[in-house]
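The next block holds one structure in the form of structure tokens; read it before the comments.
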Amino acid sequence: MLTTLATALAALSTGWSTSDADSVTLDTRADTGLAIVQEEQEAQEAETLPPPETVEQSGRSEAVERARALEIFAAVETLEARFRQVNPDGSVNEGDIALSRPGRVRFAYDAPSPLLIVADGSTVAIADSALETVDRAPIRSTPLRWLLAPAEELESSGAIVEAGRYDNQLYVTLEDPEGEAEGRVTLVFADADPAAPANAVALNGWYAVDAMGSLTQVTLDDVRLGQRVDPRRFVLDDDMFSSRRRGRR
């Protein structure tokens, strides 16, 4: 299950691995920026967002772009969308994402994928309906931390390591300066007008690169911002498969 999980959680973190069924570790060491993201994407020849060849500042300093990124993180509280995930091997998964910042996100994968990923504010739970298992890891140990963290944490931690523009989009690369959540994630925002209200800026998708330099990319479609999301969607019961197992006895 956790090999499949490597692909699943690459929806914001890549490279989960395990030595046994009860042990989950994150293996996402990557020292790479936007240029490497582009290189890996081209090597895979997959349909993806157009990554930047160069970061266009257009007269705006990187400090200004970082400030804009923090403004967006502070303003966007909820998001719902369809997602399309292109995996390192070229395979594709689709599904629905629901986000409620800070702390909570839900990735519901379409069949035939058996996976459901839910972050509840403290842990990330991965349910596999085929194996009838639920595994958990702390949010802080995965790059999901940076999608879900409050803006003030992003600012104080120094997690934003790169910010710039390309083709009317704002690219923001984040990594954990303490190395607890290893790897890099580049978020892509539709921000054609930097003067527009931050709460109207949609997330177009993101890139994640694992320890081997393999790229996973997620693009979002039909993005809906600012709508109430039922908090029950971010609850995942560890015993959700127990009744199914009892029924087979």
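The values are calculated or read from the model by the stated rules, or taken from the named source; none is laboratory data. Quick caveat: nothing in here was measured; it's all calculated off a predicted structure. Quick reminder, even Gly has a Cβ in these numbers, built from the backbone with ideal geometry, and neighbours come from all protein chains shown.
The residues in segment 196-225 that are within 23 Å of S100 (Cβ to Cβ) and assigned to a loop (DSSP other than H, G, I, E, B) can be counted, and the count is 3.
Scanning segment 178-195 for residues that are within 15 Å of L70 (Cα to Cα) and exposed (fewer than 12 other Cβ atoms within 10 Å of the Cβ) returns a single hit, A195.
Tell me the residue from L70, L99 that is out of contact with any Pro (no Cβ under 9 Å at 6 or more places or on another chain) and surrounded by 20 or more Cβ atoms within 10 Å (Cβ to Cβ), please. Within the list L70, L99, the selection yields L99.
Of everything in segment 161-180, what is within 18 Å of the chain's Cα centre (by Cα) and under 16 Å from I139 (Cα atoms)? Give them in sequence order. Write out each step before concluding.
Initially, segment 161-180 is screened for residues within 18 Å of the chain's Cα centre (by Cα), giving 161-163, 169-177, 179-180.
Correct list: L174, E175, D176, P177, G179, E180.
The number of residues in segment 128-171 being among the basic types (K, R) and either modelled with pLDDT of 90 or more or over 24 Å from S100 (Cβ atoms) (or both) comes to 2. Of the residues making up segment 109-165, those that are within 19 Å of G95 (Cβ to Cβ), touching a Lys or Arg at 6+ places or on another chain (Cβ under 8 Å) and part of a strand (DSSP E or B) are L116, I117, V118, A119, D120, V124, A125, I126.
Only residues that are under 19 Å from V124 (Cα atoms) and either surrounded by fewer than 19 Cβ atoms within 10 Å (Cβ to Cβ) or polar (S, T, N, Q) (or both): list them for segment 81-92, please.
The initial filter retains those residues of segment 81-92 that are under 19 Å from V124 (Cα atoms), namely 83, 85.
The one that is under 19 Å from V124 (Cα atoms) and either surrounded by fewer than 19 Cβ atoms within 10 Å (Cβ to Cβ) or polar (S, T, N, Q) (or both): Q85.
Every residue in segment 81-101 that is among the hydroxyl-bearing types (S, T, Y) and under 22 Å from M212 (Cα atoms), please. Quick ask: steps written out before the conclusion?
Kept after step one, since they are among the hydroxyl-bearing types (S, T, Y), are these residues of segment 81-101: 91, 100.
The answer is S91, and nothing else.
Looking at segment 233-248, is at least one residue polar (S, T, N, Q), exposed (fewer than 13 other Cβ atoms within 10 Å of the Cβ) and at pLDDT 90 or above? No, segment 233-248 contains no residue that is polar (S, T, N, Q), exposed (fewer than 13 other Cβ atoms within 10 Å of the Cβ) and at pLDDT 90 or above. Residue-level analysis places S91 among those that are touching a residue at least 60 places away in the same chain (Cβ under 8 Å) and out of contact with any strand residue (DSSP E or B) (no Cβ under 6 Å at 6 or more places or on another chain).
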